[in-house]
Amino acid sequence: MAALRPLVKPKIVKNRTKKFIRHQSDRYVEIKRNWRKPRGTDNSIRRRFKGQILMPNIGYGSNKKTKHMLPSGFWKFLVHKVKELEVLLMCNKSYCAEIAHNVSSKNRCGKSSPAGHQSHQSQCQAA
């Protein structure tokens with residue numbers, strides 16, 4: 001059976017693909033790369049001097065129409081029970097099922113088979 005295609009697949013534009021790194025994380029091993037806002041009074045990054053590391057702000061946000069959209073063009077819908085799959089029947093062109101992390105492997109097999117019969121696309125979350 002062929003995979004489902006989304007009803008609409010707009011081009012997803014990411015305003016920034018590089019990670020924001022912490023100030024001086026490249027200089028010291030003990031400072032991790034995870035972003036922390038600089039709070040010093042004379043900090044050149046907080047003051048937005050030219051040529052410095054960029055800080056994250058609201059302007060880097062995603063487009064409202066493509067926010068949280070997967071590259072396939074679907075949005076994720078977290079499924080805990082088989083009955084929740086029936087909800088996806090009405091909107092199976094825009095949402096795909098993702099089986100929740102706390103669902104056992106026995107129940108995963110039971111959930112994936114009706115999903116295949118009802119022409120749903122399911123993505124198993126890596127445990």
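Return the total of residues in the range 83-97 being touching a strand residue (DSSP E or B) at 6+ places or on another chain (Cβ under 7 Å) and buried (at least 17 other Cβ atoms within 10 Å of the Cβ). Walk me through it before giving the result.
Quick first cut of the range 83-97, residues touching a strand residue (DSSP E or B) at 6+ places or on another chain (Cβ under 7 Å) only: 85, 88, 94-97.
This time we only want the ones that are buried (at least 17 other Cβ atoms within 10 Å of the Cβ), so: 85, 88, 95-97.
Final tally of qualifying residues: 5.
For the range 35-76, give me the residue count where each residue is of a type in the set (S, T, N, Q) and within 18 Å of the chain's Cα centre (by Cα).
Within the range 35-76, the subset of a type in the set (S, T, N, Q) is 41, 43-44, 52, 57, 62-63, 66, 72.
Filter once more, so that each one left must be within 18 Å of the chain's Cα centre (by Cα): 62-63, 66, 72.
Going through the range 35-76 one residue at a time, the tally reaches 4.
Tell me, please, whether a residue that is over 30 Å from C109 (Cβ atoms), of a type outside the set (V, I, T), surrounded by 12 or more Cβ atoms within 10 Å (Cβ to Cβ) and at pLDDT below 95 can be found in the range 61-82. Before you say what the answer is, go through the steps one by one.
Looking only at the range 61-82, we keep the residues that are over 30 Å from C109 (Cβ atoms), and these are 61-67.
In the following step, the residues that additionally are of a type outside the set (V, I, T) were identified as 61-65, 67.
From what is left, the residues that are surrounded by 12 or more Cβ atoms within 10 Å (Cβ to Cβ) are 62-63.
Checking the rest, the ones that are also at pLDDT below 95 come to 62-63.
Checking the range 61-82: at least one residue is over 30 Å from C109 (Cβ atoms), of a type outside the set (V, I, T), surrounded by 12 or more Cβ atoms within 10 Å (Cβ to Cβ) and at pLDDT below 95.
Looking only at the range 71-95, which residues are closer than 18 Å to P10 by Cβ and touching a residue at least 40 places away in the same chain (Cβ under 8 Å)?
Once the filter is applied, which keeps residues that are closer than 18 Å to P10 by Cβ and touching a residue at least 40 places away in the same chain (Cβ under 8 Å), the range 71-95 yields P71, S72, G73, F74, K76, K93, S94.
The values are calculated or read from the model by the stated rules, or taken from the named source; none is laboratory data. What you see is a predicted model; the values in this text were computed from it and never measured. As a convention, Cβ positions derive from the backbone with ideal geometry for all residues, glycine included, and neighbour counts pool all protein chains shown.
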